[in-house]
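Asks: Sharing a structure with you now.
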Amino acid sequence: MLKTHNCGEINSKLAGENIILCGWVATRRDHGKIIFLDLRDRSGIVQLTVTPKDAGDYYKVAQEVRSEFVLRVSGTVNKRPANNVNPNLATGEIEVLVKEIEILNPSVNPPFEIEEDSDISEESRLKYRYLDLRRRKVFNNLLLRSSLYKSIRGLLDAQGFIECDTPILTKSTPEGARDYLVPSRLNPGEFYALPQSPQLFKQILMVAGIEKYYQIAKCFRDEDLRADRQPEFTQLDLEMSFVEEEDIFILTEKLMQGVLKEIKNIEIKIPFPRITYEEAQRKYSSDKPDIRKESGVEFAFAWVTDFPLFKYNEEEKRWESEHHPFTSVRKEDLDMLETEPQKVKSRSYDLVLNGMEIGSGSIRIHDQKLQERIFKIIGIEKEEAYRRFGFLLEAFQYGAPPHGGIAFGLDRLLAILVGEESIREVITFPKTSAGICPLTNAPSEVDDRQLKELNLTIKKGKEKK
């Protein structure tokens, strides 16, 4: 075996034992006849002490070692004298007296120091993301992400949910943000789209009788970027059959309560406050109210309900869906659909945390006649509706149950939990605010052969954007 222990696990109970470690050199200090190396792996850091007496000829190897070299060392765990104990280090009571040392791989001089308080530009951090991820703070963000996924799956599995995958290459159904399009080589002139969400597929899964579905899903939106947005992001997608709003609220509140307790050991009170859209606008001048001050809690959840079903597009002089065209309407507002659409309230809801929307959902339309009325109001005729959404509408003809769901932005949730302003800090390989990946230089040009295979030509303008 290459190693017997992890660096961060070494403690005084192992004093006198011979061990083998592997890792990266965090720091090197040469004190003449004694070389100190801090060896780092994902579990933590341990101090190695290399002397000619203990290491013999391997001392010469230690003289060649520099920061970020990858090493394999064997040695004896030794208790440090009381005056040499490092209280700031989990392994600070011990050191490893090195007997043998092997350089598994050298490293060139890193472009920045792998330290927590290093002043590094974001461009450099993302270009050398594999080095940035060696920093404990960044690594801990990813560790928390892994714990979040595990917690979500455990809690939902216990509630009888089924995790289902949905397609990444799918049909373009433009509604809201722009789609990312993928040309089809086998079908010239036709395109797939990357999903903005699994919305239509999860509704079809309700028709299929799944009843309780979830997915930790990758989603894609070609939109202008901000600190809380990325061209690709991850959301927790949920859908349930035979439910009303209160069922969604109860499930969500228990899920958030359980997740925060498991991964952050934070107790939150449920139920969350419910605030109507009109009340939020009147009291907070926002549909994303931050109620921390009045509630007196580091994490303040609130539901915002009763959103308008429609919004008026002044540019196109037409009504369009506030949420999406499959959002259901309050029963008491059905008679106003055609006559006073501006007054109609939807059965949609947002979950807000500390003034940021982290989840959005609705009770869906499952009645074909109501769906046709909604399409007509927003200017989608029957022929166009079937061209864009025909696979869903056809499925609805085979006994669609009442159903509803919600989706949570996991990147946003994680950023709030770790106190980061940007979701880029909790994503393994994020893109810049311009949608560029400095690590791979994506997006990039492709060669003429690839374009020819796809039956595409590039129309080049005077300036390249």
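FYI, it's all coordinate maths here, none of it is from the lab. Predicted model, so just to flag it, every value in this text is computed and none were measured. For neighbour counting, all protein chains shown are included, and Cβ atoms are generated from backbone atoms with ideal geometry for every residue, glycine included.
Asks: Suppose a student asked you for the relative contact order of the stretch 357-425, using Cα pairs under 8 Å spaced at least 6 residues apart; what percent would you report?
Replies: Computed over the stretch 357-425, the figure is 47 percent.
Asks: Another question about this same structure. By the scheme Lys and Arg +1, Asp and Glu -1, what is the net charge of all other residues having a beta-carbon under 12 Å from that of SER360?
Replies: Here the charged neighbours net out to -3.
Asks: Right, something else. For GLU322, list long-range residues whose amide hydrogen, built 1.01 Å from N in the peptide plane, is under 5 Å from its own amide hydrogen.
Replies: PHE310, LYS311
Asks: Here is a follow-up. So what's the gap between the Cα centers of the stretch 1-56 and the stretch 267-331, to the nearest angstrom?
Replies: 55
Asks: Could you give me the ³J(HN,Hα) list for the stretch 430-442, computed from phi with Karplus coefficients 6.51, -1.76, 1.60 and θ = phi - 60°, whole Hz, x at Gly and Pro?
Replies: Along the stretch 430-442, the couplings run x, 9, 6, 5, 9, x, 10, 9, x, 5, 9, 6, 7 Hz.
Asks: Rounded to the nearest 0.05, what FRET efficiency do SER184 and LEU2 have when you use their Cβ-Cβ distance and R0 = 56 Å?
Replies: Efficiency, rounded to the nearest 0.05: 0.75.
Asks: Could you give the length gained on full extension between ILE266 and SER146, defined as 0.36 nm per residue of separation minus the Cα-Cα distance, in nm?
Replies: Here the segment from ILE266 to SER146 would lengthen by 41.4 nm.
Asks: Further question on the same structure: Of the listed values (i) 1.07; (ii) 1.00; (iii) 0.96, grab the one calculated as Rg/Rh (Cα atoms, Kirkwood Rh) from the structure here.
Replies: So the structure-derived entry is (i).
Asks: Then there's this: Let me confirm the definition first: pairs of Lys residues in the stretch 38-168, 8 or more apart or on different chains, C-alpha distance under 21 Å. How many are there?
Replies: Lysine pairs meeting both conditions in the stretch 38-168 amount to 6.
Asks: How far is the Cα center of the stretch 404-425 from the Cα center of the stretch 169-198, in Å?
Replies: Cα centres, the stretch 404-425 to the stretch 169-198: 26 Å.
Asks: Arrange HIS323, HIS5 by Cβ neighbour counts within 10 Å, fewest through most, would you?
Replies: Ascending number of Cβ neighbours within 10 Å: HIS5, HIS323.
Asks: Distance in nm between label sites at ASN109 and ASN83, each 7 Å beyond Cα in the beta-carbon direction?
Replies: The modelled label-to-label distance comes out at 3.6 nm.
Asks: Let me ask you something else. For the stretch 27-148, how big is the tail of P(r) above 17 Å, as a whole percent of Cα pairs?
Replies: Roughly 62 percent, rounded to a whole number.
Asks: Compare the Cα positions of ALA177, LEU393, SER146 along the charge dipole of the chain (+1 at Cβ of Lys, Arg; -1 at Cβ of Asp, Glu; about the Cα centre) and return the one farthest towards the positive end.
Replies: SER146
Asks: For a distance above 15 Å, tell me the whole-number percent of Cα pairs in the stretch 376-465 that qualify.
Replies: 80
Asks: So who's got an amide H within less than 5 Å of the one on ARG178, skipping anything under 5 residues away but keeping other chains? H placed 1.01 Å off N, in plane.
Replies: Under 5 Å from the amide H of ARG178 lie the amide H atoms of ASP222, each far enough along the sequence or on another chain.
Asks: Please tell me the relative contact order of the chain in percent, rounded to the nearest whole number, where contacts are Cα pairs under 8 Å and at least six residues apart.
Replies: 12
Asks: About its Cα centre, what dipole magnitude does the chain give when the only charges are +1 on Lys and Arg Cβ and -1 on Asp and Glu Cβ, stated in debye to the nearest 20?
Replies: 1120
Asks: With a sphere of radius 14 Å drawn around the Cβ of ASP287, what net charge do the other residues whose Cβ falls strictly inside it have (Lys, Arg +1; Asp, Glu -1)?
Replies: Here the count lands on -1.
Asks: Considering the options ALA407, ILE204, LEU456, tell which one lies farthest towards the positive end of the dipole of the chain, charges being +1 on Lys and Arg and -1 on Asp and Glu at the Cβ, about the Cα centre.
Replies: After comparing all options, I get LEU456.
Asks: Give me the distance in nm between label points sitting 7 Å out from Cα along the Cα-to-Cβ direction at ASP54 and GLU421, one decimal.
Replies: Output for this residue pair reads 4.5 nm.
Asks: Lys and Arg at +1, Asp and Glu at -1: add these up for the other residues within a Cβ distance under 12 Å of GLN230 and post the number.
Replies: Neighbourhood net charge equals 0.
Asks: If you don't mind, there's one more thing I want to ask. Please give the contour-minus-distance gain from ASP119 to THR432: 0.36 nm per residue of separation, less the Cα-Cα distance, rounded to one decimal in nm.
Replies: Result for the pair: 110.9 nm of gain on full extension.
Asks: Among the lysines, which fall within straight-line cross-link reach of LYS283, defined as a Cα-Cα distance under 26 Å, with same-chain neighbours fewer than 8 residues apart omitted?
Replies: LYS269, LYS293, LYS311, LYS343, LYS345
Asks: I'd like the Karplus ³J(HN,Hα) series for the stretch 44-54: coefficients 6.51, -1.76, 1.60, θ = phi - 60°, whole numbers in Hz, and an x wherever there's a Gly or Pro.
Replies: Along the stretch 44-54, the couplings run x, 10, 9, 8, 9, 10, 10, 10, x, 4, 7 Hz.
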